[in-house]
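Reviewing the structure listed below.
The values are calculated or read from the model by the stated rules, or taken from the named source; none is laboratory data. Keep in mind the model is a prediction, meaning the values are calculated, not measured. Here the Cβ is made from the backbone with ideal geometry for all residues, glycine too, and neighbour counts use every protein chain on show. For the accessible areas, the whole protein counts, side chains as well, though only heavy atoms, and no ligand, DNA or RNA atoms are used. Shrake-Rupley method; radii C 1.70, N 1.55, O 1.52, S 1.80 Å.
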Amino acid sequence: MGPGSPDMAAWQNDYLKGTGCEMYTETISPTFTGMAFSQAAETCFVKLKLLLLAIEIRPDDGSDRKISINPRGVKISPNTVGFFIAQSAEEVKRAWFFCKACHEDIKDEKQIKKCKCKALAGSKKTSLATMPIKPSALKKTVSMKDGNTNAVNGRTTIAATDGPKKEKTESRLDADSTPNDIDFKSTEMRYDSTGMFHWTQSTSIEDSILDRNQAAMTVLNGHVVVCLFADPDSPLIGLRNLVMPLRASNFHYHELKHVVIVGSVDYIKREWKTLQNLPKISIVNGSPLSRADLRAVNVNLCDMCIILSAKVPSNEDPTLADKEAILASLNIKAMTFDDSNSFTEQNVSSPDGLSTMGGPIVLKRQGPVYGTSVPL
């Protein structure tokens with residue numbers, strides 16, 4: 001949030017500033033190593049203008065890590081993850097960039113940026129409980145102690161081309177087994193720092209784009225279609241806020257509905273930074289008014305079709321602000337879907353009667369489906 005209004009009282013400016021704050025996590029700089037928590041919190045507040053609330057405690061016996069709020073008598077260990085109250089992730093990066101040798105005399109906290117000290121180079125590690133700010137800096141091979149495996153991202157018909165395919169994990173393994181013998185991508189789940197949402201390693205937007213043929217061959221079913229009208233320079237509408245509830249951790253990974261966004265890639269690129277760590281997202285570079293694109297993403301088989309517009313309404317005729325969204329909904333309702341492209345999904349049960357999630361799927365043809373049955 002920007003500076004407060006001079007026309008408002010000081011308490012009102014402080015209140016509005018506080019409403020813009022959120023909780024973020026960041027690895028604490030090696031400068032804080034050995035400090036008591038109280039001293040580290042004071043330094044963060046005075047020098048960095050950050051409010052340090054808690055840290056992640058890693059027991060020496062290898063047991064589960066815990067979050068300790070305002071701990072007494074605890075000293076900061078190397079690569080400790082801190083929980084901060086701040087207005088943006090950029091502000092929290094100061095906790096990692098802070099270097100006593102380089103930033104001791106700096107009065108303006110905004111000038112605390114990454115320095116060239118060798119003490120910081122290559123020392124940052126990924127925590128089990130935090131989402132890294134720069135996932136590209138992760139090592140391809142993670143140790144058994146600090147690692148966390150990558151979850152399946154997106155569709156299963158196209159192999160991922162970015163990032164490690166197999167990683168070591170904290171799962172309990174037999175002494176004789178090796179991580180290379182097991183593909184954890186299809187078995188493990190990852191969560192963000194709050195533990196409330198599914199998370200995956202950053203995916204480039206190019207790996208998430210499907211052309212019309214790829215979308216048709218993916219046989220999407222029970223998914224969420226987002227029809228997005230936007231120009232490349234349209235204001236951001238926050239697609240992350242739409243997708244996040246669909247990635248809540250109380251859903252098992254196989255229960256997450258695939259989200260397919262149909263719209264301008266140039267616009268989605270501007271929002272992708274906030275979506276790149278959410279799994280099962282695909283993009284079709286097309287138009288929500290194109291019936292070919294809608295058929296390719298099997299809009300008749302989706303669980304929900306959402307029509308959004310990020311375009312700025314014309315000042316000449318405000319009554320036409322929603323014309324494209326209305327036309328898109330009428331277009332979908334007027335469509336007829338041939339039964340050769342309509343399927344119902346049926347899980348194959350194992351001999352003991354249990355459902356085999358992720359196993360083979362039986363596709364059973366339905367009769368003709370009309371657009372009026374598509375949930376909008």
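Points worth noting:
- Cβ charges +1 (Lys, Arg) and -1 (Asp, Glu), total dipole of segment 178-313, debye: 300 debye
- Solvent-accessible heavy-atom area per residue, rounded to whole Å², over segment 32-85 at 1.4 Å: 56 Å²
- Residues whose amide H falls under 5 Å from that of residue 54, counting only those 5 or more places apart or on a different chain, are 70, 83, with hydrogens built in the peptide plane.
- 3J(HN,Hα) from dihedral phi, segment 50-62, Karplus parametrisation 6.51/-1.76/1.60, rounded to Hz, x for glycine, proline: 10, 9, 8, 9, 7, 9, 8, 9, 10, x, 5, 7, x
- The listed peptides 281-290, 244-253, ordered by packing as a protection proxy, come out as 281-290, 244-253 (highest mean of other Cβ atoms within 10 Å first).
- Note on segment 176-309: Cα-Cα pairs beyond 18 Å make up 56% of the total pair count.
- Among 274, 326, 289 - extreme Cα towards positive end, dipole of segment 260-341, charges at beta-carbon: 274
- Using a simple spin-label model with pseudo-atoms 7 Å out from Cα toward Cβ, residue 255 and residue 212 lie 3.7 nm apart.
- Estimated at 0.36 nm per residue, the fully extended path between residue 90 and residue 113 surpasses their Cα-Cα distance by 7.3 nm.
- Element breakdown for segment 247-321 at a 1.4 angstrom probe: carbon and sulfur atoms account for 52% of the accessible area.
- For residue 209, distant residues with modelled amide H under 5 Å away: 283
- Label-point gap, in nm, between residue 36 and residue 16 - each point 7 angstrom along Cα→Cβ: 4.0 nm
- Compared with the direct C-alpha span, the chain from residue 57 to residue 316 gains 87.3 nm at full extension, assuming 0.36 nm per residue.
- Long pairs among 110/273; 107/269; 114/311, criterion Cα-Cα beyond 27 Å: 107/269; 114/311
- Taking 0.36 nm per residue of separation and subtracting the current Cα-Cα distance, fully stretching the chain between residue 7 and residue 105 would add 31.9 nm.
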